[in-house]
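Have a look at the structure below, then the notes.
Where a number appears in this text, it was derived from the coordinates with a stated rule and is not lab data. All figures in this text were calculated on a predicted structure; none of them were measured in a lab. Here the Cβ positions follow ideal geometry from the backbone for every residue, glycine too, while neighbour counts run over all protein chains shown.
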Amino acid sequence: MTALSLKNLDISYGDVQITHDVNLDIADGESFALVGESGSGKSTVLKAIAGLAPEWTGEITVLGWPRGHGIDRAFSRQCQMVFQDPYGSLHPRKTVDATLGEALTIHGIGDRNARIEEVMTSVGLDRKFRFRFPHQLSGGQRQRVAIARALMLKPKVLLLDEPTSALDVSVQAEILNLLKRLRREQNLTFLMVTHNLAVVSFLCDRLAVMRQGRIVEVGDVADLKRGDLKDPYSRELMQISAAHAN
Amino acid sequence: MSNLLEVENLRVTFPTPRGDLEVVRGISFTLGRERLGIVGESGSGKSMTGRSILQLIRAPGRVTADKLVFDGVDLLKQSERQMRAIRGARISMVMQDPKFSLNPVMTIGEQIAEALLTHQKLPRREVNARVLTMLESVRIADPERVAKLYPHEVSGGMGQRVMIAMMLIPEPDLLIADEPTSALDVSVQAQVLDIIDELVKRKGMGLIFISHDLNLVSSYCDRILVMNTGEVVEECKAGELMAAKHPYTRGLIASIPRLDETRDELPVLDRSAWAKA
Amino acid sequence: MTTFRDWLIDDSPASPMQARLGRFYRIFGALMRNPLAVVGAVIILVLVLTALFAPWLATHDPLRQSLGERLLPPSVAHWMGTDELGRDIWSRVVYGSRITLAIVTLVAVLAAPAGLVIGVAAGYFGGWVDRILMGITDIFLSLPKLILALAFVAALGPGIENAIIAIAITSWPGYARVARAETLTFKNSEFISAVRLLGASSLRVNLGHVLPLCTSSMIVRVTLDMAGIILTAAGLGFIGLGAQPPLPEWGAMISRGRSFILDQWWVATMPGFAIILVSLGFCFLGDGLRDVLDPKSGEQR
């Protein structure tokens, strides 16, 4: 079964068309990476799926259901997003408890205490953080809160927008391990946007390379590990990454 | 080789309501006309080290050192006016994001010319020629056109090259680059670093390259200092980084995912082993 | 009391209440480190206490006329002297604090929420909602405040209630502008996107997430505006369109004292001092609050 399918997706901001004819099929339980440099339109694709970039034509199907242009509650239970900047993605005046509890209130889910504690445990946040404000947390802890918030509604699909690029490498390792474990435990489907091919190699099964709003290649991460991508641009990205990592 | 910069027991302290906080705790190093990398995670004190050399730590922060000597000049004894003459002319600094470092209402050519004229008096024609040569040397293909542009009209990579041109045109002896490429795409990153590298070599400057990226630093520097919580935990030649001894450095290296990753789980730093609370 | 303080600054609060109180305690602590803010806070506190305990503080009935004691200079019996009808000025100034406090409180309660809601709605929804709401706001902003208030009072009839309504009507547009600007900076932030993705309605996003972020700048703005509100009210009182005699409103008192300003200076000066002092108090407190509450500084404490 496909968890996520994009057909002929053209996304625009006003008069500017950002992506051209994007087609993707992501299987249930798969971890898929969307790779490219800034301006390639990779984040825009994620926003369109989430409903934050409503100007698009084509088809977006999530878990078999065609997606409308706005955000509706049924959709929000299936698909959630984790943002890049752990400093900007948490409300500065709300405690961890309030941030996590919001989802339950919106969807009228009871059992608040137990649900919050359960999610905090699963993302590795100690109970003592529950009533702290974001400014009392480190970057890694904030990102754990952001992941916990996305998991509150037990979605099947998680959209990850450069979830570790703003973190220190040692913290990045913790978050990557966490994401990998969560995916295994909760059978999640990941669609991750990143520019870091090494992260893709660690976390993903397949990847698509984007350039100037088009997908230039869809390949297996096994190919990436062997250095076997075919498109010249993908190879260029791969070489830069390899040189960079000695 | 004579030392360009000598630092001994450098400390940077900030007072907080809960007592003084030492962000740099007594580090020492010397720098010749070479490329020195300072690596560390956020909060390691690496940027504060760079800023304290230029005396750019704002009050209430305090800088103390047994020795902070640049080419025979004791930087701690300089007045603010004397420091201004040293900054730019003899020691330059490239910062992370060109968007915040360039003046949005001046053209690029004017800004570079100003950087030169602050420290030297030159006839107009010569200034223009120098600006264009400088832009060319940071590999801007069409310097005459670019000199007339405003900062918002150029890309991030080009903005950062302009910054470098601005910092290097007075021909300083020491360049401090604080995360000069972190805001850029990887492909542009390599270009910008190559330019810095080439200019540093050609002009025989000293370079302090501050970054969080171990791999990047090891491929562009001669020597590396690894910092953690305000202290230097490891000092080694760039080529020998992979044979680092300190558990922190080793932990950092291990936690970076690789392109041909085969590990199922990345090793995580056990900070409790050496970090103070 | 150290244990209570420890509980307040605990890094790991055990309940939302403790977290919130801890936050207020830290803000309060930061405010108390700013000397001018402390001065302002003390002045406002004195104003509030004076208004509360007016009957005990006043030495005379503020309305009782005693024509035998007209225009007496300050003395032990009449600390600030008496006015042209022999009323004790000290007592009138003390009772006047009640009117001043009522005016600023009511204006704040009426105008700030109205401006906040209008501004947030305009900023969040954008498009034609924004254009219409901001168009109305701009019309109000383009007219001088006092003139507009004058027009309203003229239409509604003189009196303290109408003066309050008129001042409230003239002060909401400023708040709407501030709230709109704040909303624009927050509405595309990732934490707002995240709540929208959870399925929150626009109403919920605005009331629960955008509004609380605007309130701190609103509190600052309102506090700083208090001085202007007091002056406008006094101005209306001065030209006889605000509080009506025999109410001891400070502006009206100055107005009455104007005729004697050269020979009996205290009649106009004493309420004048009161106005200056209270306005200054609000300004100092507002400046201090701005330093402490600025959302952009991120409460790095």
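Can you give the mean number of other chain Cβ atoms that lie within 10 Å of the Cβ atoms in peptide C:183-192?
Per residue, the number of nearby Cβ atoms from other chains is 4 on average.
Can you compute the FRET efficiency between B:ARG84 and A:ARG235 using 1/(1 + (r/R0)^6), with r the Cβ-Cβ distance and R0 = 51 Å? Round to the nearest 0.05.
On the way: r = 48 Å, r/R0 = 0.95.
That gives a FRET efficiency of 0.60.
Count the DSSP beta bridges whose two residues both fall in the protein assembly as shown, then state the antiparallel fraction as a percent rounded to the nearest 5.
Looking only at bridges with both residues in the protein assembly as shown, the antiparallel portion is about 55 percent.
Given only helices, namely DSSP H runs of n ≥ 4 each adding -39500 (n - 2.57), what is the per-residue ellipticity at 222 nm of chain C, to the nearest 500 deg cm²/dmol?
It comes out at -24000 deg cm²/dmol, rounded to the nearest 500.
Which value in deg cm²/dmol, rounded to the nearest 500, describes the helix-derived mean residue ellipticity at 222 nm for chain A, given -39,500 (n - 2.57) per DSSP H run of n ≥ 4 and division by the residue count? Each step should come with its number before you reach the end.
On the way: 9 runs with 94 residues, N = 246.
Result for chain A: -11500 deg cm²/dmol, rounded to the nearest 500.
Is the stretch C:35-157 best put as rounded, prolate or oblate by its Cα gyration tensor, with a ≥ b ≥ c the root eigenvalues, rounded for a/c under 1.5, and otherwise prolate when a/b is larger than b/c, oblate when not?
Details: a/c = 3.77, a/b = 2.18, b/c = 1.73.
Prolate, because a/c is 1.5 or more and a/b exceeds b/c.
Can you compute 3J(HN,Hα) from phi for each residue in the stretch A:82-89, using the Karplus curve 6.51 cos²θ - 1.76 cosθ + 1.60 with θ = phi - 60°, rounded to whole Hz and x for Gly and Pro?
Each residue's phi maps through the Karplus curve to give 10, 8, 6, 9, x, 8, x, 9 Hz.
With a ≥ b ≥ c taken as the square roots of the eigenvalues of the C-alpha gyration tensor of the stretch A:1-69, please select rounded if a/c is under 1.5 and otherwise prolate if a/b is larger than b/c or oblate if it is not?
In terms of gyration-tensor shape, oblate.
Name the residues whose placed amide hydrogens come within less than 5 Å of the amide hydrogen of B:LEU269, ignoring near sequence neighbours (fewer than 5 apart) on the same chain.
Sorted by chain and number, the residues that satisfy this come to none at all.
Quick one: among C:THR82, C:THR100, C:THR59, which has the greatest mean-square fluctuation in a GNM of chain C with alpha-carbon springs under 10 angstrom?
The residue that fluctuates most here is C:THR59.
About the Cα centre, and with charges only on the beta carbon of Lys, Arg (+1) and Asp, Glu (-1), how big is the dipole of the stretch A:2-244? Nearest 20 debye, please.
880 debye
So in the stretch A:2-244, what percent of DSSP beta bridges are antiparallel if you round to the nearest 5?
Among the beta bridges of the stretch A:2-244, antiparallel pairing accounts for roughly 55 percent.
Through the Karplus equation 6.51 cos²θ - 1.76 cosθ + 1.60, θ set to phi - 60°, convert the phi angles of the stretch B:234-245 into ³J(HN,Hα) values in whole Hz; use x for Gly and Pro.
Each residue of the stretch B:234-245 in turn: 8, 10, 7, 6, 4, x, 9, 4, 5, 9, 4, 9 Hz.
Roughly how many debye, to the nearest 20, is the charge dipole of chain B about its Cα centre, given +1 on each Lys and Arg Cβ, -1 on each Asp and Glu Cβ, and no other charges?
That gives chain B a dipole magnitude of about 860 debye.
For the stretch B:83-119 and the stretch C:123-157, write down the distance between their C-alpha centroids in whole Å.
Spelled out, the Cα-based centre of one part sits 46 Å from the other.
Which of B:SER42, C:SER171 comes first, and how do the rest follow, when ranked by fewest Cβ neighbours within 10 Å?
Ordered by Cβ neighbours within 10 Å, fewest first: B:SER42, C:SER171.
How would you order A:31-38, B:54-61 from highest to lowest mean count of nearby Cβ atoms within 10 Å?
Packing order, densest peptide first, comes out as A:31-38, B:54-61.
Compute the relative contact order of the stretch A:2-244 as a whole-number percentage, counting only Cα pairs closer than 8 Å that sit 6 or more residues apart in sequence.
Details: 445 pairs, mean separation 64.4, N = 243.
Result for the stretch A:2-244 is 27 percent.
Determine the sum of side-chain charges near B:ASP213: Lys and Arg each +1, Asp and Glu each -1, restricted to other residues whose C-beta is under 13 angstrom from that of B:ASP213.
Value of the local net charge: -3.
With an 8 Å Cα cut-off and a minimum separation of 6 or more residues, compute the relative contact order for chain B in percent.
RCO, chain B: 24 percent.
For an R0 of 51 angstrom, estimate the FRET efficiency from the Cβ-Cβ distance between C:TRP56 and C:LEU36 and round to the nearest 0.05.
Working from the Cβ atoms, E equals 0.95.
Past 25 Å, Cα to Cα, is the threshold; run A:LYS42/A:LYS230; A:LYS7/A:LYS156; B:LYS148/C:LYS187 against it and keep the listed order.
B:LYS148/C:LYS187
Relative contact order for chain C: what percent, with Cα pairs under 8 Å and sequence separation of 6 or more? Don't jump to the answer; show the numbers that get you there.
Numbers: 447 pairs, mean separation 67.9, N = 301.
Relative CO of chain C lands at 23 percent.
Using Cα positions and a limit of under 13 Å, work out the aspartates and glutamates in reach of A:LYS128, with same-chain residues fewer than 8 apart set aside.
Partners found: A:ASP97, A:GLU117, C:ASP10, C:ASP11.
List the lysines whose Cα lies under 29 Å from the Cα of B:LYS46, skipping any in the same chain that are fewer than 8 positions away.
Counting by Cα, and skipping residues close in sequence, B:LYS46 has these lysines nearby: B:LYS67, B:LYS77, B:LYS99, B:LYS201, B:LYS203, B:LYS237, B:LYS245, B:LYS276, C:LYS296.
Taking the highest mean first, how do the peptides B:135-148, C:263-276 order by number of other beta carbon atoms within 10 angstrom per residue?
The densest-packed peptide leads the list: C:263-276, B:135-148.
Within 10 Å of each Cβ in peptide A:98-110, how many partner chain Cβ atoms are there on average? Round it to a whole number, please.
Mean partner shielding for this stretch: 3.
Could you check the spin-label model distance between C:TRP265 and C:LEU49? Points 7 Å from the Cα along Cα→Cβ, value in nm.
Between C:TRP265 and C:LEU49, the label points sit 2.9 nm apart.
Using a basic spin-label model with each label point 7 Å from the Cα along Cα→Cβ, how many nm lie between B:PHE14 and B:LYS77?
A separation of 3.1 nm, rounded to one decimal place.
Which residue fluctuates most in the GNM of chain C (Cα springs below 10 Å): C:PRO16, C:PRO35, C:PRO248?
Residue with maximal mean-square fluctuation among C:PRO16, C:PRO35, C:PRO248: C:PRO16.
Gap in Å between the Cα centre of the stretch C:1-42 and the Cα centre of the stretch C:217-285?
Cα centroid to Cα centroid, the span is 34 Å.
Identify, among B:LEU214, C:ALA37, C:GLY208, the residue whose Cα sits farthest towards the positive end of the charge dipole of the protein assembly as shown, taking +1 on the Cβ of Lys and Arg and -1 on the Cβ of Asp and Glu, with the dipole about the Cα centre.
It is C:ALA37.
Could you work out the local net charge near C:ALA77, counting Lys and Arg as +1, Asp and Glu as -1, over the other residues with Cβ closer than 9 Å to its Cβ? Walk me through the numbers before you get to the answer.
Numbers: positive: none; negative: C:GLU69, C:ASP88.
Its environment carries a net charge of -2.
Let me have the 222 nm mean residue ellipticity of chain B computed from DSSP H runs of 4+ only, each contributing -39500 (n - 2.57), with the sum over all residues rounded to the nearest 500.
Per the formula, -10000 deg cm²/dmol.
Taking the Cβ of A:SER5 as the centre, find all other residues whose Cβ is under 13 Å away and add up their charges (Lys, Arg: +1; Asp, Glu: -1).
On the way: positive: A:LYS7, A:ARG67; negative: A:ASP25, A:ASP28, A:GLU30, A:GLU59.
Charge balance in the 13 Å sphere: -2.
Rank A:VAL171, C:GLY96, B:VAL73 by how far each Cα sits towards the positive end of the charge dipole of the protein assembly as shown (+1 on Lys, Arg Cβ; -1 on Asp, Glu Cβ) and give me just the farthest.
Comparing the listed Cα positions along the dipole, C:GLY96 ranks first.
Using a basic spin-label model with each label point 7 Å from the Cα along Cα→Cβ, how many nm lie between B:ASP197 and A:ASP25?
4.4 nm
Once the dipole of the stretch A:132-246 is set up with Lys and Arg at +1 and Asp and Glu at -1 on Cβ about the Cα centre, which of A:LEU237, A:LEU207, A:LEU153 lies farthest towards its positive end?
A:LEU153
For chain A, with a Gaussian network of springs between Cα atoms less than 10 Å apart, report the residue from A:ILE18, A:ILE71, A:ILE106 with the top mean-square fluctuation.
Of A:ILE18, A:ILE71, A:ILE106, the most mobile in the Gaussian network model is A:ILE106.
Under the definition of partner shielding as Cβ atoms of other protein chains within 10 Å of a residue Cβ, what is the mean value for peptide A:129-136?
Numbers: counts 3, 6, 11, 6, 7, 3, 5, 8.
Per residue, the number of nearby Cβ atoms from other chains is 6 on average.
Return the whole-Å distance between the Cα centroid of the stretch A:215-246 and the Cα centroid of the stretch C:53-78.
Each part's Cα centre sits 91 Å from the other's.
Whole-Hz Karplus ³J(HN,Hα) for the stretch A:63-80, in order, using 6.51 cos²θ - 1.76 cosθ + 1.60 and θ = phi - 60°, x for Gly and Pro?
6, x, 9, x, 9, x, 8, x, 10, 10, 5, 4, 5, 5, 7, 9, 9, 10
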